[in-house]
């Protein structure tokens, strides 16, 4: 990954926004438009679909967003990453551990995991991960969680606890109006789902975010 660096925006495409009718065409168009808009990172998350649906969707996204300059992350399914030509995996508590994910995928690929909410999880920074997600920062409509909202102050607190080096990806409910403040509080990157993918034109919305956040 020496020639590639994490962007400030981490788009998460949740399967809940993908229509059943015309699914393949939707994904192909969406992926192509995002690639044209300059997206270099995308996570595909599907908590309810079976392996066949996940593999079909992922294959279309990879075809629409080819090349080493665009990193595609698969949620949960470390066992499918290499098979699909994806570039990494995000694993949370309850999934395989980051160490097990490393064992399942080829060397040099990206592994992300959940770092904590009110405080960092004990020992989490010792895990072999490339980034640690924190939150929920604000209320979200795309992922169910019982964790308390941490807000801007929580992001600031977790950055102070983690120190300057670890890549902290702040997630949940972040909008373009709040993103700059979340980054200023110490997040390295903001993960965005609904604010992008429920917009009428996600690629155009992505361009707005990149223009605003640099």
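What about residue 158, is it buried (at least 22 other Cβ atoms within 10 Å of the Cβ), in contact (Cβ under 8 Å) with a residue 12 or more places away in the chain, farther than 20 Å from residue 42 by Cβ and more than 18 Å from the chain's Cα centre (by Cα)? Judged against the criteria, residue 158 is a match.
Of the residues in segment 125-139, how many are without any contact (Cβ under 8 Å) to a residue 40 or more places away in the chain, buried (at least 17 other Cβ atoms within 10 Å of the Cβ) and closer than 20 Å to residue 105 by Cα? Total satisfying the criteria: 3. For segment 60-99, the candidate set comprises residues that are in a loop (DSSP other than H, G, I, E, B) and touching a strand residue (DSSP E or B) at 6+ places or on another chain (Cβ under 6 Å); within that set, the residue that is nearest to residue 47 (Cα to Cα) is 76.
Scan 47, 71 and give me the residue that is modelled with pLDDT under 95 and within 18 Å of the chain's Cα centre (by Cα). Only one candidate qualifies: 47. For segment 174-184, the set of residues classified as buried (at least 21 other Cβ atoms within 10 Å of the Cβ) and either modelled with pLDDT under 95 or in a loop (DSSP other than H, G, I, E, B) (or both) consists of 174 only. When segment 3-41 is filtered for residues that are part of a loop (DSSP other than H, G, I, E, B), free of Cβ contacts under 8 Å to residues at least 40 places away in the same chain and touching a helix residue (DSSP H, G or I) at 6+ places or on another chain (Cβ under 7 Å), the ones remaining, listed by number, are 18, 19. Might you let me know whether segment 95-102 holds any residue that is under 14 Å from the mean Cα position of the chain (by Cα), buried (at least 20 other Cβ atoms within 10 Å of the Cβ) and under 25 Å from residue 161 (Cα atoms)? For segment 95-102, residues under 14 Å from the mean Cα position of the chain (by Cα), buried (at least 20 other Cβ atoms within 10 Å of the Cβ) and under 25 Å from residue 161 (Cα atoms): absent. Beta carbons closer than 6 Å, at least 6 apart along the sequence or on distinct chains, pair a first residue in segment 162-177 that is within 16 Å of residue 128 (Cβ to Cβ) with a second that is assigned to a loop (DSSP other than H, G, I, E, B) for 167/188.
The values are calculated or read from the model by the stated rules, or taken from the named source; none is laboratory data. On a predicted model such as this, the values are computed, not experimentally measured, just so you know. So basically every Cβ, Gly included, is an ideal-geometry build from the backbone, and we count neighbours across all protein chains shown.
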